[in-house]
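What follows is one structure encoded as structure tokens, with my remarks underneath.
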Amino acid sequence: MISLRQHSPWVLTTVSLASLLAGAAFFSHNPIIGKQPVLAAPPVVKSSHARELSANFREVANAVLPAIVSIETRGKLAKATEEGGTEALPFDDQSPLGDLFKDNPQFREFFKRRGGGNGGGRAPRSHGMGSGFIVDAAGVIVTNNHVVADADQVLVRLEDGTEYQATEWKTDPRSDVAIVRIKPHGVLPTVKLGDSDACEIGDWVLAVGSPFGLQSTVTAGIISAKGRAQGILEREDFLQTDAAINPGNSGGPLVNLDGEVVGVNTAISSRSGGYDGVGFAIPVNMVRWVSRQLMDHGLVKRGYLGVAIQPVSNQLAKQFGIKVGQGAIVGQVVPGSPAANAKVETGDVILTLNNKPVSNPRNLQGIVEQLDTGKGYPLEILRDGKKQTLTVSVAEMPKSFTASGIDEQERAPGKEREVAKPSQFKELGVEIQEIDAQLTEQLGYKGPVKGVLISEVDADSPADTAGLKSGMVIEKVGTKVVTTVAEFTAAMKDLSLEKGILLLVRTPGGSRFVVVSKDV
């Protein structure tokens with residue numbers, strides 16, 4: 001007897017086919033079974049809903065495809081490979097999206113360029129690919145910053161095959177949005193921009209673009225999530241989708257079933273180097289504002305408040321007496337900034353700005369950057385449990401501004417303190433000591449710092465569990481500023497780990513609130 005396990009799948013299929021033929025012969029010669037009527041195949045059930053959805057997809061694709069373009073760039077930095085060729089990545093390692101490619105061998109292989117016959121060992125000019133969509137019939141195209149940022153030449157190919165050399169392109173690295181201008185021979189078809197705020201999780205969407213250079217490709221999926229922040233860009237509020245997005249889709253539109261653009265496809269999360277079902281698109285409401293700034297000014301002018309902020313977690317919500325997801329907590333105020341001039345203080349919870357509710361730092365950031373500079377706006381805050389309304393006039397954001405670059409006002413000279421020996425606070429699991437300018441400079445802090453220094457943290461203590469580390473500076477206990485061990489001890493007197501102890505701690509990267517408790 002021959003075991004079926006020794007046969008290949010092809011053999012198994014052959015055996016199965018022989019069995020079917022033998023069975024057919026048995027039925028045809030059996031005097032009883034052979035007289036039974038032959039049953040007809042069941043009728044195909046036509047689903048009107050499925051056909052309507054298919055027709056909707058078709059209508060949307062037909063409407064938007066004429067306004068979709070593929071983009072080819074030349075002149076990016078080419079990197080030499082071990083084999084002597086080069087690989088031209090769609091963006092370099094300094095780009096905020098570089099990490100998506102550098103750890104994916106499949107992506108790197110796809111963008112590899114061989115340098116044979118180039119002569120003199122010089123790398124050939126690099127090439128990149130992406131997508132875009134026409135928003136102005138006179139020749140304005142929206143795409144991603146990382147598609148065109150490092151290009152010397154940009155070639156735009158329309159859906160009908162017509163090609164144009166771009167006359168200029170303007171980029172915004174913070175949001176990864178760019179515009180490209182061409183001079184068309186006539187009036188171009190355009191897409192309609194929708195409202196990304198109106199998108200809901202579960203809504204059908206189509207991703208359109210040129211993945212792997214395959215022009216006019218349409219894939220379908222749904223909005224999987226909203227408000228995603230992956231740490232890729234400075235300005236993030238991504239729509240997440242499971243519509244297939246691959247290299248080359250960058251800059252192409254994410255379209256709803258009304259044929260309106262609701263996002264710009266930008267990045268993927270992938271372990272395989274290709275489509276894994278998780279893609280991210282920049283909301284079109286952000287794209288609309290950024291692209292208009294680029295068209296009008298050639299750059300983006302953003303409003304600036306001058307605060308470092310953090311979201312309201314469950315523990316912080318209990319300490320401040322607010323709901324999770326309500327407001328944003330001020331961890332630090334930049335001296336001389338609009339926030340400082342408006343008398344905003346560390347520990348304030350910003351509830352609304354310009355009568356728009358604030359739910360998290362990204363939300364506040366989005367409101368601030370679109371405000372007009374020099375104009376006063378109402379700022380509702382919660383301070384010590386009481387609501388107040390301040391008036392703030394935003395300034396234009398400095399080009400070099402980052403949250404980690406915030407420094408406090410310099411302390412008056414001649415007031416450095418002698419450093420005392422560490423004091424133990426066993427219940428918290430920390431040792432605290434006073435600080436001076438020399439010590440904070442050695443720890444990497446910029447400028448004078450006010451507070452007390454954590455010199456040691458006990459393993460598995462409440463402080464350790466809350467994430468406190470040696471080298472951190474405690475600036476406040478609850479709402480009380482502490483600059484000496486004595487002030488720290490006094491502030492801790494009426495507080496308990498059972499209810500949680502609110503601390504404002506600072507690192508060289510900035511300040512944030514932490515709750516230390518026994519049940520962290």
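Remarks
- Subset of segment 374-400 that is in contact with a Phe, Trp or Tyr (Cβ under 9 Å, 6 or more places away or on another chain) and farther than 16 Å from PRO338 by Cβ - its residue that is modelled with the lowest pLDDT: GLY385
- Of all residues in segment 351-375, those satisfying the criterion of being touching a helix residue (DSSP H, G or I) at 6+ places or on another chain (Cβ under 6 Å) and buried (at least 22 other Cβ atoms within 10 Å of the Cβ) are LEU353, VAL358.
- Neighbours by Cβ (under 7 Å, 6+ apart or cross-chain): first from segment 427-439, under 10 Å from ALA463 (Cβ atoms); second surrounded by 22 or more Cβ atoms within 10 Å (Cβ to Cβ) and of a type in the set (Gly, Ala, Ser): LEU428/ALA463; GLY429/ALA463; VAL430/ALA463
- For segment 504-517, the condition of being charged (D, E, K, R) and in a helix (DSSP H, G or I) holds for none of the residues.
- When VAL334 is tested against (1) farther than 20 Å from PHE513 by Cβ; (2) touching a residue at least 40 places away in the same chain (Cβ under 8 Å), just one condition goes unmet, and that condition is (1).
- Close pairs (8 angstrom Cβ cut-off, 6 or more residues apart or separate chains): aromatic (Phe, Trp, Tyr) in segment 138-164, in a loop (DSSP other than H, G, I, E, B) anywhere: TYR164/GLY139; TYR164/LEU158; TYR164/ILE182; TYR164/LYS183; TYR164/PRO184
- Subset of segment 466-499 [outside any loop (DSSP other than H, G, I, E, B), in contact with a helix residue (DSSP H, G or I) (Cβ under 9 Å, 6 or more places away or on another chain) and either among the hydroxyl-bearing types (Ser, Thr, Tyr) or surrounded by fewer than 18 Cβ atoms within 10 Å (Cβ to Cβ) (or both)]: LYS480, VAL481
- When the residues of segment 154-174 are filtered to those that are in contact with a strand residue (DSSP E or B) (Cβ under 8 Å, 6 or more places away or on another chain) and over 22 Å from SER216 (Cα atoms), the one that is surrounded by the most Cβ atoms within 10 Å (Cβ to Cβ) is THR171.
Here's the yes/no breakdown for (1) in contact with a Phe, Trp or Tyr (Cβ under 8 Å, 6 or more places away or on another chain); (2) modelled with pLDDT of 90 or more; (3) over 13 Å from PHE425 (Cα atoms); (4) aromatic (Phe, Trp, Tyr):
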{"site": "LYS450", "(1), (2), (3), (4)": "no, no, yes, no"}
{"site": "GLU456", "(1), (2), (3), (4)": "no, no, no, no"}
{"site": "ASP460", "(1), (2), (3), (4)": "no, no, yes, no"}
{"site": "SER470", "(1), (2), (3), (4)": "no, no, yes, no"}
{"site": "ILE474", "(1), (2), (3), (4)": "yes, yes, yes, no"}
{"site": "GLY478", "(1), (2), (3), (4)": "no, no, yes, no"}
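- Residue match in segment 352-365 (condition: within 28 Å of LYS446 (Cβ to Cβ) and of a type in the set (Ser, Thr, Tyr)): no
- Among the residues of segment 254-286, those that are among the hydroxyl-bearing types (Ser, Thr, Tyr) and part of a loop (DSSP other than H, G, I, E, B) comprise SER269, SER270, SER272, TYR275.
- Among the residues of segment 459-499, those that are of a type in the set (D, E, K, R) and out of contact with any strand residue (DSSP E or B) (no Cβ under 7 Å at 6 or more places or on another chain) comprise ASP460, LYS480, GLU487, LYS493, ASP494, GLU498, LYS499.
- Within segment 235-253, tally of residues that are assigned to a loop (DSSP other than H, G, I, E, B) and among the aromatic types (Phe, Trp, Tyr): 0
- The residues of segment 287-308 that are assigned to a helix (DSSP H, G or I), under 20 Å from ALA229 (Cα atoms) and in contact with a strand residue (DSSP E or B) (Cβ under 6 Å, 6 or more places away or on another chain), listed by number, are VAL287, ARG288, VAL290.
- Among the residues of segment 169-184, some residue qualifies, meaning at least one is closer than 17 Å to GLU72 by Cβ and out of contact with any helix residue (DSSP H, G or I) (no Cβ under 8 Å at 6 or more places or on another chain).
The values are calculated or read from the model by the stated rules, or taken from the named source; none is laboratory data. Quantities reported herein were computed from a predicted structural model and do not represent experimental measurements. Cβ: placed from backbone, ideal geometry, glycine included. Neighbour counts: every protein chain shown.
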